[in-house]
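The structure under discussion appears below in the form of C-alpha cells.
The values are calculated or read from the model by the stated rules, or taken from the named source; none is laboratory data. Nothing here was measured: the structure is a model prediction, and the numbers come from that model. Here Cβ is always computed from backbone atoms with ideal geometry, including for glycine, and neighbour counts include all displayed protein chains.
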Amino acid sequence: MLAGMGPVAGGIVGPVATAELAAAVSNAGGLGVLGGTGYSPRRLREEIEKVRALTNKPFGVDLLLPANYMAGVDRKTSDLRELVPNEITVGLKEILESLEIPWVEAPVEPTVQREPGSGRADAQMEVVIEEKVPVFASGLGSPDQWMDRLHANGIFVLSLVGNVRNALRVADSGVDAIVAQGTEAGGHTGHIGTLALLTQVIDAVSPIPVVAAGGIASGRGLAAVLAAGAQAAWCGTAFLVAEEANQPTAQQRRVLEANAEDTRITRLYSGKTMRNITNPLIEAFEKSGLPTLPMGVQDIAIRDVVHSLREAGRDDLLMNAAGQIAGSLSEVRPASVIVEEIIMEAATILTKTLPDAVQVELD
C-alpha cells in the first residue's frame, strides 16, 4: 500500500502522492493512495477524477483528522500572527539570527470563519464520501463521526495509529483495518518501534486486520511484517524516490543521500511529532527548548520562518519528511518497479521458508 503522503517538502509543492503516483502503484498491483491533505475540496475532486482516468484498479484517499487542530482558536483576527505568543516569535527570530538568516514576515493571511464543531477536513471528507472512493485512510485522528456514511457508500476504512490505546479507540469506531505505524516511519509518527507496536496491536484488536507501517521499503521488510502477522504493508519513504513522486529534486536527493541516522523526530513544522531529515534549523530549535503549539497554530508560528527561508534561498532547512529506511534507498525508479521488486523479493523469501504445502498454494 502506498502511504497517502501529503506535502512533505516544506510546502514547496503539494502532496507527494498525487494521482500519477497513486495510479502507478495501483496499476502495478499495490494499492495507490492519494495524499488529500493540502488540497482544497475542488482540487481533491479533480485528483480523484484523474486517478480514475489513469487506472481502473482500487485506490484510496488519505486525510488528516487531528482532534486538536487549531485548539484554543475561537475568534477571528485580521492577522493570524496574533495567535502566537510573543516569546515564541522572539525565540524563532533568535534561531534564524543564529543561522544568519534574515527575518522576513510572510504576507498576512486572515482566518477563515469556522462553524462550531467543524474540523479541518470536513469539506474534503464530503468529497471522499460523494465520490465513493474505494478506500479512505485517516492519517491522524479517528474517522468515527463519518463512519456510518463512509460504510453506507461502500468505502473501506483504514486508520493509522502509533500506540495500542489509539488502536483500541479506532477499533471501537468500526474501522475495517488498522495501520500500526512504528516510529521508524517518516512524517507524523509516534515513539514505538514497528515490530513491537505491530504485534501488540494485532493482539489487541483481533480479528480486525492490521497493516504494518514504518521502515518497510524492500521485500525483506514486507516478508518480516507478514511473518509477524500483518496483512499488508503501508510504505511511504520507499515512494518518495519514485519517478512519479511529486517531490522537488533537491528534497528527493536528500532522501537518497541520507543514512539511517540522518532523521530525527521534531514538532517544529506542525506541532505534532514528525520524523524529518535533520538539518541545522531542527537542531537549533530542539536545543532552544522552545515549546510548540497545537497543530494549525504551530503552522502559523513558523509561517514567517518558512517565508524567511525561501527568501534566503535556504530550501535545505525546510521540512523534508522521511523515514529511517531512507538509508537503504539509492536511486530514483518508476513506482511500478519499486512495487514489483518488493513483491518479488518477499515472494522469494516466503517460498523458501514456508512448508511445501504453503508454497504450492502461493504458486
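Numbers for the structure displayed
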read-out	value
Output for region 59-92, where each listed residue is at pLDDT 85 or above, among the polar types (S, T, N, Q) and surrounded by fewer than 14 Cβ atoms within 10 Å (Cβ to Cβ)	Asn86
Region 142-163 residues that are touching a residue at least 12 places away in the same chain (Cβ under 8 Å), paired with ones that are in a strand (DSSP E or B) and among the hydroxyl-bearing types (Ser, Thr, Tyr) (beta carbon under 7 Å, 6 or more apart)	Ser142/Ser159; Pro143/Ser159; Ser159/Ser138; Leu160/Ser138
Subset of region 123-154 (residues that are closer than 15 Å to Arg45 by Cβ and either under 21 Å from the mean Cα position of the chain (by Cα) or outside any loop (DSSP other than H, G, I, E, B) (or both))	Ala123, Gln124, Met125, Glu126, Val127, Val128, Ile129, Glu130, Val133, Phe136
Hey, Thr111 hydroxyl-bearing (Ser, Thr, Tyr), surrounded by 13 or more Cβ atoms within 10 Å (Cβ to Cβ) and at pLDDT 90 or above or not	no
Where a residue in region 34-49 is more than 20 Å from Gly187 (Cβ to Cβ) and its partner, wherever it lies, is modelled with pLDDT of 95 or more, with Cβ under 6 Å and at least six apart	Pro41/Val127; Arg45/Val127; Ile48/Glu131
Given (1) buried (at least 18 other Cβ atoms within 10 Å of the Cβ); (2) within 21 Å of the chain's Cα centre (by Cα); (3) among the aliphatic types (A, V, I, L, M); (4) modelled with pLDDT of 95 or more, number of the condition Ile95 does not satisfy	(2)
Hits in region 155-184 - residues which are within 19 Å of the chain's Cα centre (by Cα), in a loop (DSSP other than H, G, I, E, B) and within 18 Å of Leu31 (Cα to Cα)	Val175
Within region 1-32, considering residues that are β-branched (Val, Ile, Thr) and assigned to a loop (DSSP other than H, G, I, E, B), the one modelled with the lowest pLDDT	Ile12
Residues within region 185-225 that are without any contact (Cβ under 8 Å) to a residue 24 or more places away in the chain and outside any helix (DSSP H, G or I), tallied	3
Selected residue (criterion: surrounded by the most Cβ atoms within 10 Å (Cβ to Cβ)) from residues of region 247-273 that are closer than 25 Å to Leu31 by Cα and modelled with pLDDT of 95 or more	Val255
Residue among Asn246, Asn259 that alone is farther than 23 Å from Thr37 by Cβ and outside any helix (DSSP H, G or I)	Asn259
